[in-house]
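The values are calculated or read from the model by the stated rules, or taken from the named source; none is laboratory data. Everything numeric here is computed off the predicted structure, so don't read it as measured data. Here the Cβ positions follow ideal geometry from the backbone for every residue, glycine too, while neighbour counts run over all protein chains shown. Calculation scope for accessible area: heavy atoms of the full protein, side chains included, ligands and nucleic acids excluded. Shrake-Rupley method; radii C 1.70, N 1.55, O 1.52, S 1.80 Å.
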Amino acid sequence: MHKNRIAIISPSKNSYSETFIQEQKNGLKGDVFYYYGGALPKYLENYGLLLTPYISLMSKLKQLVGVSRFTTYETAILKSMTKNKVQVVLAQYGPTGNRVLEICKFLKLPLVVHFHGYDVSVKHIVDQCGGYKEVFQYASKVIAVSRDMEKKLIDLGCDADKIVYNPCGPHKDFLEIKPNFSKKQFVSIGRFTKKKAPYYTILAFKKVMELYPDAQLIMAGDGELLEVCKNLVSFYGLEDHVKFSGAINRQECMALLRESLAFVQHSITADNGDKEGTPVAVLEASAVGLPVISTFHAGIPDVIEHLRTGLLSKEHDVDDMSKNMIKLIQDSALAKELGVAGKQRIGTHFNLEKHLNILQETIEST
C-alpha cells in the first residue's frame with residue numbers, strides 16, 4: 001500500500017538553519033501533515049493548536065479513571081493523526097522519534113527516524129533517550145546523513161539493515177549559479193555554535209590579513225557564540241574586514257556565494273560530543289561552484305574531496321586552514337578548478353532530487 005499520507009514531526013517550524021525539513025515537506029509525494037512545536041508537537045501547519053478544551057477535559061477524565069496512559073498533548077496529536085488518516089510518521093531528530101514512539105505503537109504506524117547530528121553525538125541527549133534502544137527496535141527505518149553517523153548508530157545498537165544513508169541535498173537553485181571569483185572574499189554561513197567553531201575561522205582569517213590586508217570575511221548566521229566572535233574581531237581590530245550579516249534567506253545566501261572566493265567552516269567535535277551531520281551550507285556552497293575550506297569532520301569529507309573539490313585540515317588546526325585560504329588567494333585557477341569539480345560532484349551524487357527520491361522510497365518501504 002502506498003504511504004501517501006505522511007506526518008512530518010519537527011521540533012520547530014521554518015527555522016532558517018533547517019531548510020532541509022522544508023524541502024522534504026514540500027518535495028515528498030502525497031499529503032504531508034507537518035506537526036511542529038517541541039519534541040512532542042503542539043501545532044499542525046494550516047490548522048493551529050492541536051489541544052482543544054474538549055480534548056483536554058476528556059483526556060484528564062480518562063487519566064483520572066485509569067483508562068488512558070496518554071497525556072493531554074499526546075492525546076491531541078494521537079487524535080489528529082487518526083483524523084487525518086496518517087499512514088507513516090517521519091520524525092526529525094532522534095529525541096522527536098523517541099517522544100512519539102508510544103503514539104506510533106498505539107496507532108500501529110510505521111516510524112522513520114531522521115537523525116541529523118547532535119541527536120546521536122551528544123551523550124546526555126542519547127542517555128535521555130535510553131540510548132534509543134526502543135526506537136531502534138520499533139522503527140522501520142533510521143536515516144543517517146553521514147558515514148560517521150552510520151557507524152555511531154550501529155555502535156549504539158541499531159540494526160545496520162535498518163539504516164539508510166541519505167545526506168540532505170541543496171536546493172536546485174544553487175546548482176544554477178556560477179561564481180564570479182571577483183573578490184578576495186571568504187564566506188561562512190551557519191549558526192554560531194561550538195561544533196562550527198566560528199572563532200577558529202576568524203583566527204585563521206587574521207593570519208590571511210597579515211599577507212593580504214584587502215581580504216574580506218563575511219559571516220552569516222546567529223547563535224550562542226556570535227557575541228564572542230564579534231568581541232574577538234573587535235579585539236584584533238578587524239572590524240573593517242570581518243562583517244556579520246545575521247541570519248539570511250536563500251537569495252541572500254546565493255548572492256554571497258556568487259561573489260566570494262571560497263566557503264570556510266572550521267567544524268570540530270565539541271566538548272559535549274556534539275558533531276555535525278553533513279552541513280547543508282557546505283553542500284550549497286559546493287553546488288554553487290565554490291571551493292570549500294573546512295575540516296576532516298563528520299560528513300564533510302563524504303561530500304568534499306580534499307584537493308579535488310576543496311581543502312580540508314584537521315580539527316583545531318588554524319594554521320593549516322589559514323594556509324588553505326592563502327593558497328586560493330594566490331591561485332585563483334585552483335579555486336575555480338576545485339569549484340567546478342565540486343559543482344559536478346554535488347550535481348551527480350548529492351542533489352536534492354536524489355535525496356527526496358531516497359526518502360520517498362524509504363517511506364514507501366515501511
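Quick notes
- Note on region 140-212: the C-alpha convex hull projects to 8.1 nm² when averaged across all orientations.
- Sum of -39500 (n - 2.57) over DSSP H runs of 4+, divided by residues of the chain (222 nm, nearest 500): -13000 deg cm²/dmol
- Here region 212-314 has 49 percent of its accessible surface on carbon and sulfur atoms, given a 1.4 Å probe and all protein chains in place.
- With both labels modelled 7 Å from their Cα along Cα-to-Cβ, the Asp155 to Tyr138 distance reads 2.7 nm.
- Label-to-label distance for Lys62 and Ala270 is 3.7 nm, based on points extended 7 Å past Cα in the beta-carbon direction.
- Whole-Å semi-axes of the ellipsoid equivalent to region 248-314 (Cα gyration tensor, √5λ, descending): 21, 15, 9
- Given [x] 75, 41, 38; [y] 68, 48, 36; [z] 62, 59, 49, the label whose value is Cα extents along the principal axes in Å derived from this model: [x]
- Derived from the Cα gyration tensor, the three semi-axes of the equivalent ellipsoid of region 138-260 are 35, 19, 13 Å, largest first.
- For Ala144, residues with placed amide H under 5 Å, excluding near neighbours: Val164, Tyr165, Asn166
- Most positive-pole-ward Cα, Leu225, Ser365, Pro179, against dipole of the chain from beta carbon charges: Ser365
- Mean sequence separation of contacting Cα pairs (under 8 Å, at least six apart), scaled by the length of the chain, corresponds to a relative contact order of 16 percent.
- Binning all Cα-Cα separations of region 215-283 at 5 Å, short to long from zero, yields these whole-percent fractions: 3, 12, 21, 25, 21, 12, 4, 0.
- Longest exposed-site-free window of the chain, the sites being trypsin sites (Lys or Arg not before Pro) in a DSSP loop that have at most 14 other C-beta atoms within 10 Å: 184-307
- Listed residue (Thr193, Met254, Val142) projecting farthest to the positive dipole end of the chain, Cβ model: Val142
- Spacing of the two label points (7 Å from each Cα toward its C-beta) at Lys83 and Ser182, in nm: 5.3
- Taken about its Cα centre, the chain carries a charge dipole of about 1120 debye when Lys and Arg each add +1 at the Cβ and Asp and Glu each add -1 at the Cβ.
- Efficiency of FRET from Cβ geometry, Ala247 and Asp31, R₀ 30 Å, rounded to 0.05: 0.45
- With N counted as the residues of region 63-146, its alpha-carbon radius of gyration over 2.2 N^0.38 Å works out to 1.15.
- For region 207-366, a Kirkwood hydrodynamic radius built from all Cα pairs, placed in the Stokes-Einstein relation at 37 °C and 0.692 mPa s, yields a translational diffusion coefficient of 194 µm²/s.
- Pairs spanning more than 27 Å between alpha-carbon atoms, out of Lys133/Lys275; Lys162/Lys343; Lys3/Lys151; Lys327/Lys354; Lys3/Lys83; Lys42/Lys108: Lys162/Lys343; Lys3/Lys151; Lys327/Lys354.
- Region 103-238 - percent relative contact order, Cα under 8 Å, separation 6 or more: 18
- Comparing region 283-366 with the 2.2 N^0.38 Å rule of thumb, its C-alpha radius of gyration ratio is 1.26 (two decimals).
- Two-site FRET efficiency, Thr52 against Thr366, from Cβ-Cβ distance with R₀ of 30 Å, rounded to 0.05: 0.50
- For region 121-138, the Karplus equation 6.51 cos²θ - 1.76 cosθ + 1.60, evaluated at θ = phi - 60°, returns couplings of 10, 7, 4, 5, 5, 4, 5, 4, 9, x, x, 6, 4, 6, 4, 4, 5, 8 Hz by residue, with Gly and Pro reported as x.
- Surface per residue (accessible, 1.4 Å probe) for the chain, Å²: 44
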